[in-house]
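Peer 1: Okay, handing you the structure first.
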Amino acid sequence: MVTTLAREVAPDIPLVCTCHGSCLRQHRLCPGLGQSLLGQLRGIDQIIALFEQQKQEITALLGIEASRVHVVSGGYNELCFYTEESDKKSATVNLVYAGKLDSSKGVPWLLRSLKQVQGPWRLHLVGAGSGSQRELCLQLASELGDKVIVHGILTHQELGALMRCCDIFVLPSFFEGLPLVLLEALACGCAIVTTNLPGAQELFGPHPPPMVRLVELPPLETVDKPYAADEPMLEQRLASALRASIHDVRSGESINKEYVCTLTNEYGWKSIFSRIEAVYNLALKSRQANKIL
């Protein structure tokens with residue numbers, strides 16, 4: 001809605017918009033309102049998408065040329081998220097989740113799954129929520145006793161420090177754009193357990209190393225909600241992936257540092273900024289060229 005307003009009040013100023021994914025989610029959840037905005041949205045000069053599938057969705061939704069949509073992933077802050085030559089060995093395997101305490105992020109599913117996972121593990125829950133969703137997450141966390149530590153909101157520096165002390169990062173979400181938190185966790189030396197969302201698939205590629213486990217999602221009832229009948233199966237799949245990752249940690253399986261370095265280097269702020277700047281320059285040059293014509 002704000003993008004539409006910006007296009008309407010400043011039609012002569014080049015407009016570049018970045019899609020983070022939540023706008024497409026809201027369009028699906030509120031289709032009547034979304035359809036009413038399409039006319040103005042088609043007037044955006046250049047659009048930045050997080051990954052290729054999202055680009056295809058945007059071009060199909062707006063009916064615009066693919067040349068106006070550019071895939072530029074988000075970047076992460078290397079000053080906050082990095083590895084240290086430290087010994088993570090501990091009798092307890094530390095898991096960490098960072099994000100909204102909400103069902104759409106799969107937190108209740110994660111907490112129920114952990115009831116099926118035996119052994120010395122501890123989950124660190126980072127993030128905030130609101131209303132009944134937050135209360136449900138906190139209730140399920142309390143049922144696991146001292147095996148779950150609720151941290152609330154942390155700064156990026158604090159989150160990076162926590163990730164460097166943890167072994168596995170878990171993202172059981174049902175909807176994401178390109179989850180930067182996965183890059184942040186990788187950069188801190190964590191193994192990954194996440195759902196096989198399009199952004200995660202594009203990030204890790206078709207053949208990720210064993211340190212990355214993608215949990216398959218069935219067709220969803222809505223854009224961010226599974227069918228109730230599938231929830232037990234989902235919990236079993238996530239529990240299985242968690243058990244396997246915990247086993248790897250306890251067996252001394254090392255993180256593939258070469259893979260982590262190759263992947264994260266592409267998403268540092270300096271690299272991402274240069275690609276974003278190029279899109280803005282293109283918007284300026286296209287407008288100037290049209291004025292000349």
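The values are calculated or read from the model by the stated rules, or taken from the named source; none is laboratory data. Remember, it's a predicted structure, so these values are computed and weren't measured experimentally. Glycine also receives a Cβ, built like all others from the backbone with ideal geometry; neighbour counts cover every protein chain displayed.
Peer 1: Here are 206, 219, 210: which of them is part of a loop (DSSP other than H, G, I, E, B), in contact with a Phe, Trp or Tyr (Cβ under 9 Å, 6 or more places away or on another chain) and of a type outside the set (Phe, Trp, Tyr)? Can you show your working first?
Peer 2: Details: 206 fails: in contact with a Phe, Trp or Tyr (Cβ under 9 Å, 6 or more places away or on another chain); 210 fails: in contact with a Phe, Trp or Tyr (Cβ under 9 Å, 6 or more places away or on another chain).
After ruling out the rest, the residue left standing is 219.
Peer 1: Something else: Can you run down the residue pairs with Cβ atoms below 7 Å, 6 or more apart or on separate chains, where the first is in segment 108-127 and farther than 14 Å from residue 232 by Cα and the partner is hydroxyl-bearing (Ser, Thr, Tyr) and assigned to a loop (DSSP other than H, G, I, E, B)?
Peer 2: What qualifies is 120/92; 121/92; 122/92.
Peer 1: Here are the criteria: (1) crowded, with 16+ Cβ neighbours inside 10 Å; (2) of a type outside the set (A, V, I, L, M, F, W, C); (3) closer than 16 Å to residue 83 by Cβ. Tell me which single one residue 134 does not satisfy.
Peer 2: Evaluating residue 134 over (1) crowded, with 16+ Cβ neighbours inside 10 Å; (2) of a type outside the set (A, V, I, L, M, F, W, C); (3) closer than 16 Å to residue 83 by Cβ leaves (3) as the failure.
Peer 1: In addition: Take the residues in segment 173-187 that are modelled with pLDDT of 85 or more, in contact with an Asp or Glu (Cβ under 9 Å, 6 or more places away or on another chain) and not aliphatic (A, V, I, L, M); name whichever of them is surrounded by the fewest Cβ atoms within 10 Å (Cβ to Cβ).
Peer 2: The selected residue is 174.
Peer 1: Pairs, please: C-beta under 9 Å, at least 6 apart or cross-chain, first residue farther than 18 Å from residue 120 by Cβ and in segment 231-251, second among the acidic types (Asp, Glu)?
Peer 2: Qualifying pairs under 9 Å: 237/216.
Peer 1: Answer yes if at least one residue in segment 87-94 is within 17 Å of the chain's Cα centre (by Cα) and in contact (Cβ under 8 Å) with a residue 40 or more places away in the chain, and no otherwise. Break it down stepwise before answering.
Peer 2: Quick first cut of segment 87-94, residues within 17 Å of the chain's Cα centre (by Cα) only: none.
Checked segment 87-94: no residue is within 17 Å of the chain's Cα centre (by Cα) and in contact (Cβ under 8 Å) with a residue 40 or more places away in the chain.
Peer 1: With respect to residue 195, determine if the residue is closer than 22 Å to residue 54 by Cα, of a type in the set (Ser, Thr, Tyr) and more than 14 Å from the chain's Cα centre (by Cα). Even if it seems obvious, please write down each step before you answer.
Peer 2: Numbers: closer than 22 Å to residue 54 by Cα: yes; of a type in the set (Ser, Thr, Tyr): yes; more than 14 Å from the chain's Cα centre (by Cα): no.
Against the criterion (closer than 22 Å to residue 54 by Cα, of a type in the set (Ser, Thr, Tyr) and more than 14 Å from the chain's Cα centre (by Cα)), residue 195 does not qualify.
Peer 1: Same structure again: Within segment 225-254, track down each residue that is buried (at least 19 other Cβ atoms within 10 Å of the Cβ) and assigned to a loop (DSSP other than H, G, I, E, B).
Peer 2: 226, the sole residue that qualifies.
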